[in-house]
Amino acid sequence: MKKISIIIPAHNEERNIPLIYDKLKEVSESFLGKYLFEIIFINDGSDDDTFVEIEKLARNDENLKYIDFSRNFGKETATSAGLNSCNGDACIMLDADLQHPVELIPNFIAKWEAGAEVVVGIRAQNKSDGFAKKIGSAIFYKIINKISEIEVVPNATDFRLLDRIVIDQFNKLTETNRMTRALIDWLGFRREYINFQANERIHGQASYDFWKLFKLAMNSFVSLSLFPLKLAGNLGLVIVFVSGISGLYILLGKYFFHTRFASTFSDSENLAILIVFLVGIILTSLGLIALYIANIHGEVINRPMYVVRKKKI
Ligand code: UDP
Ligand code: MG
């Protein structure tokens, strides 16, 4: 029988744990005799009784497993820990707060059985989301799709099913500063999408406020590309070019050709142009350094150079 691992990162979700567990049990019972289910809770340094609740359930359920973090490492790391330790033929990653509808699990499984290796939940925009969060996410997807070489689908969530081959490849990735979604997208494989409407959070508070999301976004810009540094370099080139030309024009005009226009520039204005020129050189050098860092960066994060779906040699 095929086995499906359900991976749930949880941070301060004491009241949601029993709820999501009951819902998952319903789903697994509806698949009785067809699939085996294991549930892996990752307690990500909760301050409340999340872990007490998990342990309570684990005592009566041999298919319930858990990983208890020593402190809060963040959802991305928690999810990775789950992926590292699950042993199903596929896994489904799910938020503990019931915002990812458990009822859709059969749809995910159906797409997987039909041949998809990654099934991604696409979330309709929530009405309750704040203005800042909406604008923020719109800008984020615009920028990230401009600067990174992989396509990041807007509103794609972490609500995903991964086939075993994808899990195994994912587990080979070594970067510690990670965004699970982006890495899965980078891996590729055959993808299918499922649209869903996120439920409202019933208990507790979202741990991801605007600033935490902003940090995550910044992180993914930096880890997915060197665009920000290269931008500085390009800006430097423009500045060097413009101030260089005008500086030269004034210099030659003033001392060699004695044109009227060039002579109207005072000494301090000339000095200003010189300073701007030097700043341009500094920025250009930064851009140059970015190219070197790009090389080092590529080596240090040690991503596999390519990913194989199947092998016969
Ligand atoms: N979570 C986690 N570690 C954290 C923050 C959140 O494991 O540091 C979990 C949380 O328990 C939930 C999921 O990640 O299961 C999504 O978190 P949240 O609901 O706060 O985010 P949002 O719904 O706003 O994306
Ligand atoms: Mg949530």
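Assuming charge only on the beta carbon of Lys and Arg (+1) and of Asp and Glu (-1), the dipole of the chain about its Cα centre is about 1220 debye to the nearest 20. In plain terms, the chain from residue 26 to residue 48 could stretch by 5.3 nm, reckoned as 0.36 nm per residue minus the Cα-Cα distance. Modelled label positions at residue 122 and residue 222, each set 7 Å beyond Cα in the direction of Cβ, lie 3.2 nm from each other. Computed on protein heavy atoms with a 1.4 Å probe, the accessible areas place 120, 300, 240 in the order 300, 240, 120, largest first. The ellipsoid that matches the Cα gyration tensor of segment 216-271 has semi-axes, each √(5λ) in whole angstrom, of 40, 10, 6, with the longest given first. Annotation for segment 203-264: trypsin sites (Lys or Arg not before Pro) lying in DSSP loop with at most 14 further Cβ atoms inside 10 Å of their Cβ do not exist. Mind running the shape call on segment 197-238? Use the C-alpha gyration tensor, a ≥ b ≥ c as the square roots of the eigenvalues: rounded below 1.5 for a/c, prolate if a/b tops b/c, oblate otherwise. Prolate.
Over the Cα atoms of segment 1-132, the radius of gyration divided by the Kirkwood radius equals 0.96; this is the Rg/Rh ratio.
Building the convex hull from the alpha-carbon atoms of segment 119-236 and averaging its projection over directions returns 8.8 nm². Along segment 271-283 the Karplus relation, 6.51 cos²θ - 1.76 cosθ + 1.60 evaluated at θ = phi - 60°, assigns HN-Hα couplings of 4, 4, 5, 4, 5, 4, 4, 5, 4, x, 5, 4, 4 Hz to successive residues, with x for each Gly and Pro.
Note: relative contact order over the chain, using C-alpha pairs below 8 Å and six or more positions apart, is 18 percent.
With a cut-off of 11 Å between beta carbons, the residues surrounding residue 48 carry a summed charge of -4, where Lys and Arg count +1 and Asp and Glu -1. Sorted largest first by accessible area at a 1.4 angstrom probe radius, with every protein chain in place, the residues 100, 297 fall in the order 297, 100.
From its DSSP helices (H runs of at least four residues, each -39,500 (n - 2.57)), the chain gives a residue-normalised ellipticity at 222 nm of -16000 deg cm²/dmol. What the Cα convex hull of the chain gives, in volume per residue, is 185 Å³. The heavy atoms of residue 221 present about 20 square angstrom of accessible area, all protein chains included, probe 1.4 Å. Along the axis of the charge dipole computed for the chain (Cβ charges of +1 for Lys and Arg, -1 for Asp and Glu, origin at the Cα centre), the listed residues 167, 77, 28 are led at the positive end by 167. Considering only 266, 179, 131, and ranking their Cα positions along the charge dipole of the chain that arises from unit charges at the beta-carbon of Lys, Arg, Asp and Glu, the one farthest toward the positive end is 266. Summary of the geometry: segment 1-62 and segment 174-239, compared by the centres of their Cα atoms, lie 27 Å apart. Length gained on full extension, residue 62 to residue 195, computed as 0.36 nm times the residue gap minus the Cα-Cα distance: 44.6 nm. Label-to-label distance, residue 135 versus residue 36, with points set 7 angstrom from Cα along the beta-carbon direction: 5.2 nm.
Top mean-square fluctuation among 288, 248, 173, Gaussian network model of the chain, C-alpha springs under 10 Å? Largest GNM mean-square fluctuation: 248. Residue 226 sits with roughly 30 Å² accessible to a 1.4 Å probe, with DNA, RNA and ligands left out of the calculation. Using the alpha-carbon positions of segment 43-90, Rg (one decimal) and Dmax (whole number) come out as 11.5, 33 Å. If the limit is 32 Å between Cα atoms, which of 133/230; 111/146; 34/56; 23/75; 3/212 go over it? From the list (133/230; 111/146; 34/56; 23/75; 3/212), the Cα-Cα distance tops 32 Å for 3/212. For residue 38, the residues whose modelled amide H falls within less than 5 Å of its own, excluding neighbours fewer than 5 places apart on the same chain, are 4, 5, 6.
Loop sites by DSSP among the GluC sites (Glu not before Pro) of the chain, restricted to those with at most 14 other Cβ atoms within 10 angstrom, leave 201-313 as the longest stretch without any of them.
The values are calculated or read from the model by the stated rules, or taken from the named source; none is laboratory data. Because the structure is predicted, anything quoted here is derived from the model rather than measured. Heads up, the Cβs are rebuilt from the backbone with ideal geometry, glycines too, and the neighbour counts pull from every protein chain shown. Just the protein is used for accessible areas: all its heavy atoms, side chains included, with ligands, DNA and RNA removed. Shrake-Rupley method; radii C 1.70, N 1.55, O 1.52, S 1.80 Å.
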